[in-house]
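Worksheet: the structure to be examined is printed underneath.
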Amino acid sequence: MRKLRKVALALLVLLAVLVLAAWLVLRLPVFGGVPEGARLERMRQSQQFINGRFENTPPYVSNMSLTGELKAWMGEQVREPTFEVPVLKMEAGDLARPAAPGLRAWWLGHAGVLLEIDGVRVLTDPVFSERASPFQFAGPARLHPAPLALDQWKNIDAVVISHDHFDHLDMATIQQLAAGGTHFYVGLGIGAHLERWQVPAAQIHEMDWWDKAEIKGVTIHCTPARHYSGRRSMDNSTLWASWMIKGPAHSAYFSGDTGYAGHFKAIRERLGAPELALLKVGAYGDTWLDIHMNPEAAAQAHRDLGAGTLLPVHWATFNLAYHEWAEPIVRSVAAAKAQGVQLVTPRVGEKYESGTPFVNTDWYRPTAGPGPRRQSP
């Protein structure tokens, strides 16, 4: 009996140590801050804030099961590229020059895009760290390098953040950009994370759905999305969003991470059709579709928006789902053709310029010879 008591005591001590360690880890800066005071009161005024947390409309009801997810996880899909992903290196010197008029986009991998829109530079969900994780020694690692190193990113006017998950909100990237005076446009509550990371309050703009703000003559609209949030847990403690960016002559829409729903039509009805749509096409699963749309749904969303050109994002950079690595773009190309959608497939770091012919290539397929091939009709 005495020996049993010693074992039980040792287990209790071990449990206490583990709980204390977890408590301390979750309070590291990388996990962000906790909304309180005036920030929390403003969150409570949002129509999406229900019973102490943000909710989708209608609410998301998960149909995931542990056995189903384990079965999918154990699938035999090739989830990482079998060849070196082509990356077009960007030059830091280009950012030293003022952004020119017009509309240009550089896909940076995953959900990150550099936009130049009517003379203003905007980044969407930039993540330039090596891992989409709270720790740089573990977690999903990059499958290709960033087209420009983290410490080279300067002279960015604005960043829009769709939500606070680690593959969309990266502490090191935020701190690098904040030091250069970048302004951050985020959903309600996310400002607490940025404050914890020493971003000056004057550079933080927290917004509810349908709020808008202006920077250098370009209007940034916070628009609905269908997802969830939380850095410590899936607690919906901050608001997720999509973004419409409208300049005097050009416009672009960024879906963020979202499921397909009626908000795309609502956005078009209220704000008009965007010239360019950056739509999430990857990291989906059969039981995730309500909050992670697939390529076919993205093509339909593009039609709902009435957008001009579709640039697929949210794939290729991190292994986050159970599908083949290239499946999102292969299905996107097919869906665009079937639904009559104008789509571009730039390589990482490759420039797309609105109004200029763009030649799609199937660079995402392994080839025997050097260089990308023209896309098959």
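The residue that is nearest to G187 (Cα to Cα), counting only those in the stretch 202-217 that are hydrophobic (A, V, I, L, M, F, W, C) and surrounded by 17 or more Cβ atoms within 10 Å (Cβ to Cβ), is M207.
Residues checked against (1) open to solvent by 30 Å² or more (accessible area, probe 1.4 Å); (2) in contact with a Phe, Trp or Tyr (Cβ under 9 Å, 6 or more places away or on another chain); (3) under 28 Å from T287 (Cβ atoms); (4) without any contact (Cβ under 8 Å) to a residue 40 or more places away in the chain:
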position: A179; (1), (2), (3), (4): yes, no, no, yes
position: G187; (1), (2), (3), (4): no, yes, yes, no
position: P200; (1), (2), (3), (4): yes, no, no, yes
position: I220; (1), (2), (3), (4): no, yes, no, no
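Taking the condition out of contact with any strand residue (DSSP E or B) (no Cβ under 9 Å at 6 or more places or on another chain), of a type in the set (D, E, K, R) and at pLDDT below 95, does D286 pass? Against the criterion (out of contact with any strand residue (DSSP E or B) (no Cβ under 9 Å at 6 or more places or on another chain), of a type in the set (D, E, K, R) and at pLDDT below 95), D286 qualifies. Scan the stretch 185-206 for residues that are part of a strand (DSSP E or B), in contact with a Leu (Cβ under 9 Å, 6 or more places away or on another chain) and not hydrophobic (A, V, I, L, M, F, W, C) and the total you get is 2. Only one entry in A99, A141 is surrounded by 12 or more Cβ atoms within 10 Å (Cβ to Cβ), closer than 18 Å to W315 by Cα and of a type in the set (A, V, I, L, M), namely A141.
So which of T356, T345 is in a loop (DSSP other than H, G, I, E, B), polar (S, T, N, Q), at pLDDT 95 or above and surrounded by fewer than 19 Cβ atoms within 10 Å (Cβ to Cβ)? Selected residue: T356, the only one of T356, T345 that is in a loop (DSSP other than H, G, I, E, B), polar (S, T, N, Q), at pLDDT 95 or above and surrounded by fewer than 19 Cβ atoms within 10 Å (Cβ to Cβ). Take L66 and tell me if it is open to solvent by less than 30 Å² (accessible area, probe 1.4 Å) and among the aliphatic types (A, V, I, L, M). Criteria not met by L66. Test S46 against the stated conditions and say whether it is at pLDDT 85 or above, of a type in the set (S, T, Y) and open to solvent by less than 60 Å² (accessible area, probe 1.4 Å). Criteria met by S46. Against the definition (polar (S, T, N, Q), open to solvent by 10 Å² or more (accessible area, probe 1.4 Å) and at pLDDT 95 or above), how does Q136 come out, yes or no? No. Of these, D235, D151, which one is touching a residue at least 60 places away in the same chain (Cβ under 8 Å) and either among the acidic types (D, E) or assigned to a helix (DSSP H, G or I) (or both)? Just a single option satisfies the conditions, and that option is D235.
The values are calculated or read from the model by the stated rules, or taken from the named source; none is laboratory data. This one's a predicted model, so the numbers in the text were calculated from it and none came from an experiment. Cβ sites come from the backbone with ideal geometry, for glycine too, and all protein chains shown count toward neighbours. SASA here: full protein model, heavy atoms, side chains in, ligands and nucleic acids out. Shrake-Rupley method; radii C 1.70, N 1.55, O 1.52, S 1.80 Å.
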